[in-house]
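Q: Structure below; questions to follow.
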Amino acid sequence: MIDKGRQFMKSNWPQGAMEGTDQIKGIPMPPFENEWDEDALIALPDPKSANLKKRDILQVFEERITRRKLGAGPISLADLSFLLWASAGMREILAGRIFRTVPSAGSRHPFESFFYADKVNGLKPGLYRYIAQKNAVVPVSFTSGLKDELAKHMKNQWFGCAVAIFWVFNAYRCEWRYIHHSHKVSLIDVGHIGQNAYLAAEALGIGCCTVGAYLQDIDKLLGIDGNNEFCVYIGVFGPYEGEGGAGPGWSAQPEK
């Protein structure tokens, strides 16, 4: 039975794999981002204005580590802006293709960035969505108790974070071009996003831990349908205490 899972990781691009796609049929390309309420936009600081503690890329590579013992303090709005921009920021739209700070198969970029800001200076605690085209955010929910419910659905891997980012897959955005081949390449894409988030956090001097073990019902808490859009990956970020650290049920040794 385990062999079936292995097959998903292999290349499955037969001759003519692109035939019959909605792109080939001439169906209009889906938008680069979900719609937003222009009046609800909250502008973020220029991400390039963030106070980077580490600017040497070699130092960032050498010192990047998973940190689960996050401190009680907040992060700045500029730090949040840099994290979101580094992991999903938009550089330009050229000839119908979108260019972001991360690579993506066919420039489809099928992920939306939702986040719960718990301790971010300048933002009311609550759930938001990043709008890359504007480098801004829009509120999604300020429901009482939402943070605790999110933490439960993350198997209590909240680790006292200042902000948790939920990377949500918009299925059709990639299926429009690649049909059933889209799912493997999209998982590769979200790996690029997670790594950029790690490196951005290390450059800022804040802790980062990515989470792959969660309950899929978390989609309901994010306000998405769980079919056309669903959470695939999560990252928690915040000031950290020492060089890593353990959360409940975890080894005291930080993961490399």
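The values are calculated or read from the model by the stated rules, or taken from the named source; none is laboratory data. Being a predicted model, the structure only gives us computed values, none of them experimental. Glycine gets a Cβ as well: all are built from the backbone with ideal geometry, and neighbour counts include every protein chain shown.
Q: Can you tell me how many residues in segment 133-167 are surrounded by fewer than 21 Cβ atoms within 10 Å (Cβ to Cβ) and touching a Ser or Thr at 6+ places or on another chain (Cβ under 8 Å)?
A: Result for segment 133-167: 1.
Q: Shifting gears a bit: Taking segment 49-70, which residues are within 19 Å of the chain's Cα centre (by Cα) and either part of a helix (DSSP H, G or I) or charged (D, E, K, R) (or both)?
A: Passing the criteria: Arg64, Arg67, Arg68.
Q: Do you know which residues across segment 208-234 are farther than 20 Å from Pro139 by Cβ, in contact (Cβ under 8 Å) with a residue 60 or more places away in the chain and part of a strand (DSSP E or B)?
A: Cys208, Cys209, Thr210, Phe230, Val232, Tyr233, listed by residue number.
Q: Please list, ordered by first then second residue, the pairs with beta carbon atoms under 8 Å, 6 or more apart or interchain, first in segment 100-129 and within 26 Å of Asp225 (Cα to Cα), second assigned to a loop (DSSP other than H, G, I, E, B) and of a type in the set (Asp, Glu).
A: Glu112/Glu33; Pro125/Asp118
Q: Search segment 190-206 for residues being within 15 Å of the chain's Cα centre (by Cα) and surrounded by 24 or more Cβ atoms within 10 Å (Cβ to Cβ), and hand back the single one that is farthest from Arg68 (Cα to Cα).
A: Taking the candidates together, the pick is Ile193.
Q: In segment 114-135, is there at least one residue being part of a helix (DSSP H, G or I), small (Gly, Ala, Ser) and out of contact with any Gly (no Cβ under 7 Å at 6 or more places or on another chain)?
A: No, every residue in segment 114-135 fails to be part of a helix (DSSP H, G or I), small (Gly, Ala, Ser) and out of contact with any Gly (no Cβ under 7 Å at 6 or more places or on another chain).
Q: Something else about it: Take Val185 and decide whether it is within 25 Å of Ile75 (Cα to Cα), surrounded by 16 or more Cβ atoms within 10 Å (Cβ to Cβ) and β-branched (Val, Ile, Thr).
A: No: the conditions fail for Val185.
Quick grid of which residues meet (1) at pLDDT below 95; (2) of a type in the set (Val, Ile, Thr); (3) loosely packed, with under 13 Cβ neighbours inside 10 Å; (4) farther than 30 Å from Gly145 by Cα:
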{"residue": "Pro14", "(1), (2), (3), (4)": "yes, no, yes, yes"}
{"residue": "Pro30", "(1), (2), (3), (4)": "yes, no, no, yes"}
{"residue": "Asp37", "(1), (2), (3), (4)": "no, no, yes, no"}
{"residue": "Phe61", "(1), (2), (3), (4)": "no, no, yes, yes"}
{"residue": "Arg68", "(1), (2), (3), (4)": "yes, no, no, no"}
{"residue": "Ile75", "(1), (2), (3), (4)": "no, yes, no, no"}
{"residue": "Leu94", "(1), (2), (3), (4)": "yes, no, yes, yes"}
{"residue": "Thr101", "(1), (2), (3), (4)": "yes, yes, no, yes"}
{"residue": "Ser113", "(1), (2), (3), (4)": "no, no, no, no"}
